[in-house]
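Heads up, the thing below is written out as structure tokens.
The values are calculated or read from the model by the stated rules, or taken from the named source; none is laboratory data. Every value quoted in this text rests on a predicted model; they were computed, and no experiment measured them. All Cβ positions, glycine included, derive from the backbone under ideal geometry; neighbour counts span all protein chains shown.
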Amino acid sequence: MSFAGSTFGPYLDLRCDEHGVTRLPAVKAVGQVMFSGAAGTVIPAGTTVATPSDPATNNPSVKFVTNTDAILDGSGVCYVEVEAIEAGKAGNVGAQSISVMVTPVTGIAGVTNPNETSGGSDQESDEDS
């Protein structure tokens, strides 16, 4: 017989499942990016943008995808909601961190996130369960 207090990993999941308790799943971060470029340029839903990777610290790029189509206004700017491709707290990035166009779009000169992305969380750990 095992007890929830001394069980871990998949065994803890099994014990908790007996009582109808499951781990909280990982959640994707969300935010908004600002595209700039030629007025009238269409940004299709599914366009991928990212933070640059940092070889010095070995930090990988964090990728986000646009949720809807958007069109740059007369001043050549538009704001679009994005969601991290991977769930987890790594998707919570600071303001001005997103600057890479992974999916090239003709007419786009740049992308940035004016505010931080937020809401990303990792799957609940054994300690949090």
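Taking residues in the range 30-49 that are within 15 Å of residue 116 (Cβ to Cβ) and modelled with pLDDT of 95 or more, and partners anywhere that are charged (D, E, K, R) and not in a loop (DSSP other than H, G, I, E, B), the pairs with Cβ atoms closer than 7 Å and at least 6 places apart or on different chains are 30/81; 30/83; 32/81.
Would you pick out the residues in the range 35-74 that are outside any loop (DSSP other than H, G, I, E, B) and of a type in the set (Val, Ile, Thr)? Answer for the range 35-74, where residues must be outside any loop (DSSP other than H, G, I, E, B) and of a type in the set (Val, Ile, Thr): 42, 43, 48, 49, 65, 66, 71.
Looking at residue 57, is it within 28 Å of residue 123 (Cβ to Cβ) and among the polar types (S, T, N, Q)? Don't jump to the end; show me each part of the working.
Working: within 28 Å of residue 123 (Cβ to Cβ): yes; among the polar types (S, T, N, Q): yes.
Considered against the rule, which asks whether it is within 28 Å of residue 123 (Cβ to Cβ) and among the polar types (S, T, N, Q), residue 57 comes out as yes.
Which of the residues belonging to the range 34-64 are surrounded by fewer than 18 Cβ atoms within 10 Å (Cβ to Cβ), hydrophobic (A, V, I, L, M, F, W, C) and under 18 Å from the mean Cα position of the chain (by Cα)? Passing the criteria: 34, 45.
Quick one: in the range 75-116, which of the residues that are acidic (Asp, Glu) and in a loop (DSSP other than H, G, I, E, B) is farthest from residue 58 (Cα to Cα)? Write out each step before concluding.
Filtering the range 75-116 for residues acidic (Asp, Glu) gives 81, 83, 86, 116.
Applying the additional criterion that residues be in a loop (DSSP other than H, G, I, E, B) yields 86, 116.
Details: 86: 18, 116: 21 Å.
Here the answer is 116.
For the range 65-80, the condition holds for no residue, the condition being that it is over 19 Å from the mean Cα position of the chain (by Cα) and more than 22 Å from residue 37 (Cβ to Cβ).
Residue 20 falls short of the stated requirement of being assigned to a loop (DSSP other than H, G, I, E, B) and modelled with pLDDT of 95 or more.
The single condition among (1) in contact (Cβ under 8 Å) with a residue 60 or more places away in the chain; (2) within 17 Å of residue 32 (Cβ to Cβ); (3) among the acidic types (Asp, Glu) that residue 122 does not meet is (2). Of 3, 64, all but one fail to be of a type in the set (Phe, Trp, Tyr) and modelled with pLDDT of 85 or more; the exception is 64.
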